[in-house]
Amino acid sequence: MDVRIEQSWKSALAGEFEKPYFASLVRFLHQEKAAGKIIYPPGGEIFRAFDLTPLDKVKVVILGQDPYHGPGQAMGLSFSVKDGIPAPPSLKNIFKEIEDDMGVRMSGSTNLEKWARQGVLLLNSVLTVQAGCPTSHSSIGWQQFTDAVIRYLSDNRSGIVFLLWGRYAAEKAALIDASRHHVLIAAHPSPLARGAFFGCRHFSKTNSILASEGKEPIDWQL
């Protein structure tokens, strides 16, 4: 199956695109659109995280659950919304932790492309959602695909920092070889976690790990 995705990822994941579950997934999305349902993000942005962070550039993975389901929010990067869109609650809490952890002031920009271009793969476990229906595409096959992404990174790269926030993301730790990579686990930044995310210091910890391996730290400030 010909999938429009950045070339290094296209080569690495070629086997996934040929599996029956992926053909079923694509067929489902076409049928939903034909039925008049609105799907987020727009088709050209579904693989945006991969397009902005080629395989050999990945230094950090931030794992989200599924895209935002409100108008104009989802843009193919976990937790990110385009500038001009109000920051969702989880993103506000991420920014607060960065300010406290790194001693910086965030500008109000809500677009995380700057992180992606520095090697932060902003990966959702599920890459599409029906408008207004959170987790509506959680069982159509995306999780099999993104699990394969995590396994590929685990098996073929080394020294990646995986940031797993919340119980759902933490379950993905089983896919990661902790002897080859760094796994940092914290509560989810959602307000539903009652502030348990605050104080995790994942942003400074990530940069310390990268520096210890001779890699350029991430400039988290927006």
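The values are calculated or read from the model by the stated rules, or taken from the named source; none is laboratory data. From a predicted model like this one, the values you see are computed outputs, not experimental measurements. Glycine gets a Cβ as well: all are built from the backbone with ideal geometry, and neighbour counts include every protein chain shown. Calculation scope for accessible area: heavy atoms of the full protein, side chains included, ligands and nucleic acids excluded. Shrake-Rupley method; radii C 1.70, N 1.55, O 1.52, S 1.80 Å.
Looking at region 105-139, which trypsin sites (Lys or Arg not before Pro) are in a loop (DSSP not H, G, I, E or B) and have at most 15 other Cβ atoms within 10 Å?
On the way: sites: Arg105, Lys114, Arg117; in loops: Arg105.
Qualifying residues, ordered by number: Arg105.
Could you state the per residue volume, in Å³, of the convex hull enclosing the Cα atoms of the chain?
114
Need one number: nm distance between label points at Gln144 and Ile38, each 7 Å from Cα along Cα→Cβ, rounded to one decimal.
3.0
Quote to one decimal, in nm, the extra length available between Ala170 and Arg105 on full extension: 0.36 nm per residue of separation minus the C-alpha distance between them.
Once the chain is fully extended between Ala170 and Arg105, it gains 20.5 nm.
Given R₀ = 30 Å, what would the calculated FRET efficiency be for Asn156 paired with Ser204, taking r from the Cβ atoms and rounding to 0.05?
After rounding to 0.05, the efficiency reads 0.60.
Quick check on the chain: helices-only [θ] at 222 nm, where DSSP H runs of length 4 and up contribute -39,500 (n - 2.57) each and the sum goes over total residues. Nearest 500, please. All intermediate terms of the calculation are to be shown ahead of the outcome.
Working: 9 runs with 80 residues, N = 222.
The helix contribution divided over the chain gives -10000 deg cm²/dmol.
Towards the positive end of the charge dipole of region 90-201, with charges on Cβ (+1 Lys, Arg; -1 Asp, Glu), say which of Gly159, His137, Pro191 has the farthest Cα.
Pro191
Please list the non-local residues whose amide H lies under 5 Å from the amide H of Val183, H modeled 1.01 Å from N, same-chain partners needing a gap of 5 or more.
Those qualifying (amide H under 5 Å, at least 5 residues apart or on another chain) are Phe162.
In region 184-221, which trypsin sites (Lys or Arg not before Pro) are in a loop and have at most 14 other Cβ atoms within 10 Å, using DSSP for the loop call?
Arg194
Region 1-101: which GluC sites (Glu not before Pro) are DSSP loop and have at most 14 other beta-carbon atoms within 10 angstrom?
Glu18
Could I have the simple spin-label model distance between Ala178 and Gln130, label points 7 Å from Cα toward Cβ, reported in nm to one decimal?
My value for the distance between the label points is 3.9 nm.
Roughly speaking, what is the stretch gain from Ser24 to Lys82, that is 0.36 nm per residue apart minus the C-alpha to C-alpha distance, in nm to one decimal? Mind showing how you got there, number by number?
Details: separation 58, 0.36 × 58 = 20.88 nm, distance 3.00 nm.
Here the segment from Ser24 to Lys82 would lengthen by 17.9 nm.
With charges set only on the Cβ (+1 for Lys and Arg, -1 for Asp and Glu), what does the dipole of the chain come to about its Cα centre, in debye to the nearest 20?
220
So for the pair Arg117, Asp2, with labels modelled 7 Å out along Cα→Cβ, what separation do we get in nm?
3.0
Leaving ligands, DNA and RNA out of it, rank Leu55, Leu112 by accessible area with a 1.4 Å probe, largest first. Could you put the intermediate results ahead of the total?
Working: Leu55 25, Leu112 0 Å².
Order by accessible area, largest first: Leu55, Leu112.
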